[in-house]
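Asker: Input: one structure, supplied below.
The values are calculated or read from the model by the stated rules, or taken from the named source; none is laboratory data. Every value quoted in this text rests on a predicted model; they were computed, and no experiment measured them. With ideal geometry, Cβ positions are generated from the backbone for all residues, glycine too; neighbour counts draw on all protein chains shown.
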Amino acid sequence: LLIRKSDVPEERYWFLLDDRKGWVELRKILPDAPKEIVSAYAFLNRRGVAIQEYRDSNKDGKFFQWLYYQKVGDGWQPLKRGLSGISGDIGAVIDIGKRTVALEGEGRWHYFSVTGNGAWFNINDSLPGLPEHLDSVHVSRDGRVLIAKEAWDSNKNGVSWEGIVAVRKRLSDPFTMIGKVLTDSEKLAIVDAKSLWNGSGVAIEIAKEGEKVQTGSRFVEHSRWKFYLWRQGKLGPAQGLPKAARFRANGDGTKIALLDMRGHWRLFGRKSGGNVFHELALPGKQHIQNVVFDKITDYLGVKQSDLFLDGKESWQWWDLGAEGVVGPSLGNTGKPFWWPFAGVEKQGGRTQFETRLHSVDGMVGEDVPTPEVWIHADSKLGDKGNLIYAPGILNRFLHLGSIASGVKIEALGIGPEGHVILYRYGDRRFATAFSNGHTHIEARPLYIPKQGGGYRKQSVTLLVNKSRNGLLRLVRMDQPDHWLWGYGAKDGMIYFDEAGHFYSDSETLSQKVAFRKDNELFSITQFGSLLFRPDVLEQRLGVPKGSMFELTHRDKERMQRAVSLAHQGLSLKNSTPPRLTISDVPEETDKPYIEIGLKAEGNGVGEGSIVADILGAGHVRGEAVQGIEGRKQKSVRLIKKIPLVRGLNRIKLSVVDADGLEAWKYVNVDYRPKGNHKPRLWAAVIATKDYMSPDFAQLPLTQNDAKVIRSLLKRQQSKMFDQVVVKSWCQSEQCDSQPVKRLIAKELPLFLSQAKNGDRIEIFVSGHGVKLDDEFYIVPSDGKIEDKQSLISWSEVQSWLQSSPLGKKLVFLDTCQSGSVFGSKRNKRRLFQEAVEDGGVYVLAATAENASAYELNDVGDGLFTYAVKEGMNGMADSNSDGWISFQDLSFFLARRVRELSKAFDVPMEPEVPIVNEEMDFIVTGAERKLRLYLNVGDEASFDMSATPGRVRFWKKQLESIGVLVVDAKKDAAAVLTIVENNGVPLRAQFADSGSRKILAQWRIQNGNLDQILKDLKEKVGDLTRSKFI
């Protein structure tokens, strides 16, 4: 590696990649290296280095000379030290084979072989009888066979350009003339030799007996190959193998294919380490033109005279066992190598050859990418040419993570235009091509519906590839001809095929993906009633219906509509979505409504075709509509009067034609009424302590929960609401009614109906909850587990909320299994999103869908209710601005419930969803309080973790002076440290948590806290004002 800061020679820095030390600079590791190096190269697999100095930088009188070094142990030394036969300067060094180099010195070439321990053998010296002058030297790839050609007749034996063959069994051995190790008494005229089977054998090409070999030719008429195995340092004939005109040997030394002297290809095998070969079965023997062993897989490739593919010659491939071919053919290729193959394996173990893998980013046929390098996981293969053994890199490149155990990645081919992956799935082998974008493999869960309800969980392994335009391609790895397109963003995922059929878990995202029709762009959602076909996508991917995509109620209605329209013959070609045009809308108003002029065009549109929704507040119903023109025809104009809620109104105006195709527009209007009028809060509290059924335990702390929540809500009067109206169904003197099913079902809807547009509705439930047949139920005091009619279903609660006026509806559920209101883990986010956008219903649940909620006797509340109380008292005020949003409260509850469950050793995980910024809102106001971390310890016991009783005592004292005690130091603005002796306060220290500056210190006399609390209140006030300013 050359790093050049400038063209000045001393500004050039040459580095060598050392296997142990990484990149090292040459001038720092080579002894007496010149200060200025103009060129460098490595040889002998980086165990040798050549450098050329700039001019005469080392002042030895020689300009631009080359210097050569060899690695000895961990150090380096000049190459010519200890090399026999080299007395002068070395003129050049070049690699001529594995661990073999040629050195030019004193006007002639010297040939050296390097052993594994670094020793250098002068081939000229170690081969007595080797001609003094050689025209060329060639060493086999594995470094075990040397072929040399004499220069003229330098040894004066009457044969010019004579060929010389030398061999060695181990790389650490010197070469030996082959004639000295052959046990064959036959006089051989050797033409060529090749090392076989990882050095365990040698193939020798011989001329016809008595034929004199001249010119050192590698092929002589009537020549044939004989095969030898190494035994006790000698080469003996391989038993069972005839002479051959040609041969192909596999990599592990157990198989060899021969073209015998009669022109027939034959296959032979031996046991590993054995000396005797026996003939194996070879399919289609009489028609074979050629045979090859794949270098990567050791599969046998056979080229037959009667086998053609698309009019071209074809190779058929077989796996081999001890007795020959195993199983049916693996497939066919158009070239004499199996890897990568271009077949797609079909069911039943048969392979149908195709001229392409399958279309990838518009590439088909010959456009499938050709890899320039293969990264593989075969340790036996190692590094060979453009094949790199790097299983770690392979796994990281594909981001493998946790995938199905049936997938085994064999290799990844990387090219500039795309990649090819070769893998096994179970007992079958596949290849697929993809673009050179981000790629990973994942196990996608499948939930296969059971008869009678419930699911059976499986998974499908997908190769997920991201193309240049951001689209994802999801290929099923066990059936790579089954795949889908996808597009993902922060707010969800959309899947689709070329025909436009789609499924999306995000309404916002499906509005961003568009296609062109008749030179117009339409979003996929506009054709939703026609193209929303998750069933078609699941069929295309080859998975059971309903197993990959879980549908909400809205989804099921859309899909049924699409299926019906498809049966009626409606298609993209004969349909166009309606159009919607709206008048200018003011951004701000002080009126409680707005009038918008609308024009709708489409198939069968009318006044009733236009719908208005205020996202996050509910569906607009009963508004006055003034039609200007039009009947049930192609066009209608009207003025729509839309009521508003206080604050920002995000209004969605939609028109739906007779076919169910849709068009929509969004407008934002900020409603700021005159005066200081605030909305009202209508709060329903349901808290059940005693249950009639023995199936449900008594919950005494629920009544305290109801008291806490009523107090929290009442405090909001005048700050956020003009009036706070609370009605409670519970079992204490302060309650308005008993929590029985008949009373709740009758009185709660009537209570909610009193709200006006823009009012807030809140429902708090504390008690038992159950999940039955995928539906959540609140258990009233007279509820029975075996009688669903005696329970209050979540569907009933939703219907009561949807019938209420426009506005936010916030529901707290401190019950067991309350997370089941969000459905399963697959669609809970979408169900919550639909509830928020369509009806303005926000839910905070104490537990997951199949988990329990707990009461805490130590604090006197349910764990979830206690966390809600802490949050709404100010701990959820994340930015200390005096206001707590839904998102603030949601984030706080997620953290705090986990902290409390860990502290009290009860397993609880809340379901508190996230909303986007547009749907967030202020839940409650909070008094600005200083966040304080309390540290109480006892000096007598040397224990800085006080008892819970002492901590509660100090928290109560601090809360009385307007301090909010937090449990984590990172959340605090200040730290108060109290040191006691057997429960008697001795001294205290007050410090800023950020700067750690000590703001005050006290000694406490006789346990009197009055003065310290008075001083502390003043210090807290000062710090609070400085923090907020």
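Asker: Could we say that ARG456 is touching a Ser or Thr at 6+ places or on another chain (Cβ under 7 Å), modelled with pLDDT of 80 or more and among the basic types (Lys, Arg) here?
Answerer: Here the answer is no, as ARG456 does not meet what is asked.
Asker: Test each condition in (1) in contact (Cβ under 8 Å) with a residue 24 or more places away in the chain; (2) under 48 Å from the mean Cα position of the chain (by Cα) for GLY983 and report the one that comes out false.
Answerer: Evaluating GLY983 over (1) in contact (Cβ under 8 Å) with a residue 24 or more places away in the chain; (2) under 48 Å from the mean Cα position of the chain (by Cα) leaves (2) as the failure.
Asker: Could you check the stretch 516-529 and list, in sequence order, the residues that are surrounded by fewer than 17 Cβ atoms within 10 Å (Cβ to Cβ) and either within 26 Å of the chain's Cα centre (by Cα) or not in a loop (DSSP other than H, G, I, E, B) (or both)?
Answerer: Once the filter is applied, which keeps residues that are surrounded by fewer than 17 Cβ atoms within 10 Å (Cβ to Cβ) and either within 26 Å of the chain's Cα centre (by Cα) or not in a loop (DSSP other than H, G, I, E, B) (or both), the stretch 516-529 yields ARG516, LYS517, GLU520, LEU521.
Asker: So, one more: Mind checking which pairs have a first residue in the stretch 580-600 that is without any contact (Cβ under 8 Å) to a residue 40 or more places away in the chain and surrounded by 15 or more Cβ atoms within 10 Å (Cβ to Cβ) and a second that is of a type in the set (A, V, I, L, M, F, W, C) and assigned to a strand (DSSP E or B), Cβ under 8 Å, 6 or more apart or different chains?
Answerer: Correct list of pairs: LYS599/LEU580; LYS599/ILE582; LYS599/VAL636.
Asker: Out of (1) part of a helix (DSSP H, G or I); (2) of a type in the set (Val, Ile, Thr); (3) modelled with pLDDT under 85, what's the single condition that is false for ILE628?
Answerer: (1)
Asker: Continuing with this model, one more query. For the stretch 972-989, enumerate the residues that are within 12 Å of TYR933 (Cβ to Cβ) and outside any strand (DSSP E or B).
Answerer: ALA972, ALA973
Asker: Would you check if there is a residue in the stretch 449-459 being polar (S, T, N, Q), in contact (Cβ under 8 Å) with a residue 24 or more places away in the chain and surrounded by 17 or more Cβ atoms within 10 Å (Cβ to Cβ)?
Answerer: The answer is no, given that none of the residues of the stretch 449-459 is polar (S, T, N, Q), in contact (Cβ under 8 Å) with a residue 24 or more places away in the chain and surrounded by 17 or more Cβ atoms within 10 Å (Cβ to Cβ).
Asker: Might you let me know whether the stretch 103-113 holds any residue that is surrounded by fewer than 16 Cβ atoms within 10 Å (Cβ to Cβ), modelled with pLDDT under 70 and outside any strand (DSSP E or B)?
Answerer: Yes.
Asker: Can you list residue pairs whose Cβ atoms sit under 7 Å apart, with the first residue in the stretch 704-725 being without any contact (Cβ under 8 Å) to a residue 12 or more places away in the chain and surrounded by 16 or more Cβ atoms within 10 Å (Cβ to Cβ) and the second being assigned to a strand (DSSP E or B) and among the acidic types (Asp, Glu)? Count only pairs 6 or more apart in sequence or on different chains.
Answerer: No pair meets every condition.
Asker: Now, a different point. So, PRO534, is that one over 30 Å from LYS457 (Cα atoms) and surrounded by 20 or more Cβ atoms within 10 Å (Cβ to Cβ) or not?
Answerer: No, not satisfied.
Asker: OK, next. What tally of residues in the stretch 243-270 results from selecting those that are assigned to a loop (DSSP other than H, G, I, E, B) and over 45 Å from the mean Cα position of the chain (by Cα)?
Answerer: Final tally of qualifying residues: 6.
Asker: More than 14 Å from SER506 (Cα to Cα), modelled with pLDDT of 85 or more and assigned by TED's automatic domain parsing to the domain that holds GLY500: is that true of GLU557 in this structure?
Answerer: no
Asker: Assess whether VAL740 counts as being at pLDDT 90 or above, over 22 Å from SER799 (Cα atoms) and not acidic (Asp, Glu).
Answerer: no
Asker: Output yes when any residue across the stretch 872-893 is crowded, with 20+ Cβ neighbours inside 10 Å, assigned to a helix (DSSP H, G or I), polar (S, T, N, Q) and at pLDDT 80 or above, and no when none is.
Answerer: yes
Asker: Tell me which residues, restricted to the stretch 856-871, are of a type in the set (A, V, I, L, M) and either crowded, with 22+ Cβ neighbours inside 10 Å or assigned to a helix (DSSP H, G or I) (or both).
Answerer: LEU863, ALA867, VAL868
Asker: A further question on this structure: All but one of (1) at pLDDT 80 or above; (2) buried (at least 16 other Cβ atoms within 10 Å of the Cβ) hold for TYR666; state the number of the condition that does not hold.
Answerer: Of everything listed in (1) at pLDDT 80 or above; (2) buried (at least 16 other Cβ atoms within 10 Å of the Cβ), TYR666 misses just condition (2).
Asker: Here's something else I'd like to know. Specify which of the listed residues (GLU918, GLU959, GLU939) is in contact (Cβ under 8 Å) with a residue 40 or more places away in the chain, closer than 27 Å to GLN716 by Cα and either crowded, with 20+ Cβ neighbours inside 10 Å or out of contact with any Gly (no Cβ under 6 Å at 6 or more places or on another chain) (or both).
Answerer: GLU918
Asker: Out of the stretch 718-734, which residues are more than 49 Å from the chain's Cα centre (by Cα), at pLDDT below 90 and closer than 16 Å to PRO679 by Cβ?
Answerer: Passing the criteria: SER718, ASP722.
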